[in-house]
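Have a look at the structure below, then the notes.
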């Protein structure tokens, strides 16, 4: 019964993504699904399929969406990503630390003017993503509701503003995803690139198995977002082996509409967490968090511009790599904007690792000092 209700909620949310796709927005399926899911979650009409589930969609929908995205990205990682890091590792590390420092500064502003405790403010603004930060914040006694609100605000602003910034910076990257594209297979969309190659359904099964294996290993070693990061690494490993041992004329069947489906699952999962209580008790925190997130986004914009000029990395790739939008969200944007998704994923994962390793200990020290 819950499965059917969740499926109906996803259909309703997906309609929002489909309608928004006609605007030409590059990540329309995720944003549209997020908006519709958020509205339904706030007002909770009986026919929405989520009225009786205050915690939102079941977590496996988000996991499926992240796994699909991980398989897509795992096929795109190649030696060029490692080459870029070998050439520019120092400046990339510096930029990562600066982006984390800006996030901590943003948390200080929220604490100073938002009238919330300092640990909650820092975890709410830390660029760790919706999947990781609330659960970590709960372990140290932070307010998980406010953490979730601040994380949602920042991610929403990032996935809403970055396509607009890119549309002004490089208009050619925007494209319309209509129903025809939604139902078109991978081989049709990229027919010229894959001309003469044979689709292999067995290769697809192997990739899915690699994704599941990567998830299990990632979960065992406590990787951040294991359904995404673990599946990506597993597919990258399996794909490399397949490329080495199999004929280059053989490619895995991987229809493009799966990416749109992944967007719907991820966007609806985020939107389903919203409720009226979030907006009635925390208005000032929301306002301050929104302002600090805007400042953070523009700061990262100039940092990305600097590294693009200094290191010779494509600006859009650089912006998505350092944007504080979370792994899944920026990975989806990188695919849809035809950026170097492998590079984006690796930088985002490195920042998450820095956040998860450094910030919790730092926040505990700050909490002891403040108490």
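The values are calculated or read from the model by the stated rules, or taken from the named source; none is laboratory data. Predicted model, so just to flag it, every value in this text is computed and none were measured. Glycine also receives a Cβ, built like all others from the backbone with ideal geometry; neighbour counts cover every protein chain displayed.
Can you tell me how many residues in region 269-289 are assigned to a helix (DSSP H, G or I) and exposed (fewer than 15 other Cβ atoms within 10 Å of the Cβ)?
Within region 269-289, residues that are assigned to a helix (DSSP H, G or I) and exposed (fewer than 15 other Cβ atoms within 10 Å of the Cβ) number 7.
Here the condition is being at pLDDT below 85 and part of a helix (DSSP H, G or I); of 82, 57, it holds for 82 alone. Just one residue in the set 358, 366, 335 is closer than 30 Å to residue 258 by Cα and either at pLDDT below 85 or touching a helix residue (DSSP H, G or I) at 6+ places or on another chain (Cβ under 6 Å) (or both); that residue is 335.
Within region 231-253, residues that are surrounded by 14 or more Cβ atoms within 10 Å (Cβ to Cβ) reach partners that are in a loop (DSSP other than H, G, I, E, B) and modelled with pLDDT under 85 with beta carbons closer than 7 Å, at six or more positions or on different chains, in the pairs 235/75; 236/77; 239/75; 250/197; 251/194; 251/197.
Of the numbered criteria (1) under 19 Å from residue 68 (Cβ atoms); (2) exposed (fewer than 15 other Cβ atoms within 10 Å of the Cβ); (3) at pLDDT 80 or above, the one residue 262 fails is (2). For region 213-244, a residue qualifies if it is farther than 15 Å from residue 63 by Cα and part of a loop (DSSP other than H, G, I, E, B), and the qualifying residues are 221, 222.
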